[in-house]
Amino acid sequence: MTPEEVSRVHREDFYGALRKGDLEKLSHIYSDDYMLVRSDGSAFTKAQILDDLKAHAMNFNSIELTNEKIRIYGPVGVLTGNSTITAVRDGKESSSAFRLVAVYHEQGDRIELVHFQSSPLPE
């Protein structure tokens with residue numbers, strides 16, 4: 001696994017699936033033991049986040065990633081950066097800016113997202 005591969009999976013595959021609302025692709029990107037920790041501390045498993053996205057119509061108008069840094073530790077890649085997102089969920093638009101940590105693991109010929117955590121950026 002290289003930093004370029006992790007960046008591609010994160011920006012093209014993961015963000016691409018979010019933009020398109022492609023839950024099938026997301027289910028292949030998320031590892032079976034995936035965990036999402038939102039900025040409020042709530043945690044979701046792969047099944048819970050996919051069910052949540054099915055139940056609540058969500059469209060991402062923009063997803064930006066800046067200050068990206070990727071570190072590789074054998075089969076594990078850790079991506080950190082700042083993200084700004086504008087989305088519409090259940091008809092209500094919102095924007096957020098946060099610092100993220102995304103942990104990827106190389107499993108055979110796939111790179112899976114095993115953990116994603118965000119914290120609000122100071123204003």
Subject >> Filtered residues of segment 3-19 (kept if more than 11 Å from the chain's Cα centre (by Cα), within 14 Å of Lys69 (Cβ to Cβ) and not aliphatic (A, V, I, L, M)) >> reply: Pro3, Glu4, Ser7
**OP:** Go through Ser39, Ser31 for me and flag whichever is of a type in the set (S, T, N, Q), surrounded by 14 or more Cβ atoms within 10 Å (Cβ to Cβ) and modelled with pLDDT under 95.
**Re:** Ser39
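Rundown of residues vs (1) in contact (Cβ under 8 Å) with a residue 24 or more places away in the chain; (2) acidic (Asp, Glu); (3) more than 18 Å from Val6 (Cα to Cα); (4) not in a strand (DSSP E or B), yes/no style:
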site: Leu26; (1), (2), (3), (4): yes, no, no, yes
site: Leu53; (1), (2), (3), (4): yes, no, yes, yes
site: Phe60; (1), (2), (3), (4): yes, no, yes, no
site: Lys69; (1), (2), (3), (4): no, no, no, no
site: Phe98; (1), (2), (3), (4): yes, no, yes, no
site: His105; (1), (2), (3), (4): yes, no, no, no
**OP:** Exactly one condition in (1) polar (S, T, N, Q); (2) surrounded by fewer than 14 Cβ atoms within 10 Å (Cβ to Cβ); (3) out of contact with any strand residue (DSSP E or B) (no Cβ under 9 Å at 6 or more places or on another chain) is not met by Thr66; state its number.
**Re:** (3)
Subject >> Residue satisfying all of: in segment 91-112; at pLDDT 95 or above and open to solvent by less than 50 Å² (accessible area, probe 1.4 Å); nearest to the chain's Cα centre (by Cα) among these >> reply: Ala102
Original post:
Within the set of pairs 6+ apart or on separate chains, which have a first residue in segment 1-22 that is closer than 13 Å to Glu106 by Cβ and open to solvent by less than 50 Å² (accessible area, probe 1.4 Å), a second that is modelled with pLDDT of 95 or more and in a loop (DSSP other than H, G, I, E, B), and C-beta atoms under 7 Å apart?
Top reply: Met1/Pro75
Original post:
Restricting attention to segment 75-90, which residues are surrounded by 17 or more Cβ atoms within 10 Å (Cβ to Cβ) and either β-branched (Val, Ile, Thr) or touching a helix residue (DSSP H, G or I) at 6+ places or on another chain (Cβ under 6 Å) (or both)?
Top reply: Gly77, Leu79, Ile85
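Please enumerate the residues belonging to segment 33-51 that are without any contact (Cβ under 8 Å) to a residue 40 or more places away in the chain and in contact with a strand residue (DSSP E or B) (Cβ under 7 Å, 6 or more places away or on another chain). Outline the logic, then answer.
Keep residues of segment 33-51 that are without any contact (Cβ under 8 Å) to a residue 40 or more places away in the chain, which gives 40-51.
Result: Ala43, Phe44, Thr45, Lys46, Ile49.
The values are calculated or read from the model by the stated rules, or taken from the named source; none is laboratory data. Note that this is a predicted model, so its numbers are computed, not measured. Heads up, the Cβs are rebuilt from the backbone with ideal geometry, glycines too, and the neighbour counts pull from every protein chain shown. Only protein heavy atoms, including side chains, enter the accessible area calculation; ligands, DNA and RNA are left aside. Shrake-Rupley method; radii C 1.70, N 1.55, O 1.52, S 1.80 Å.
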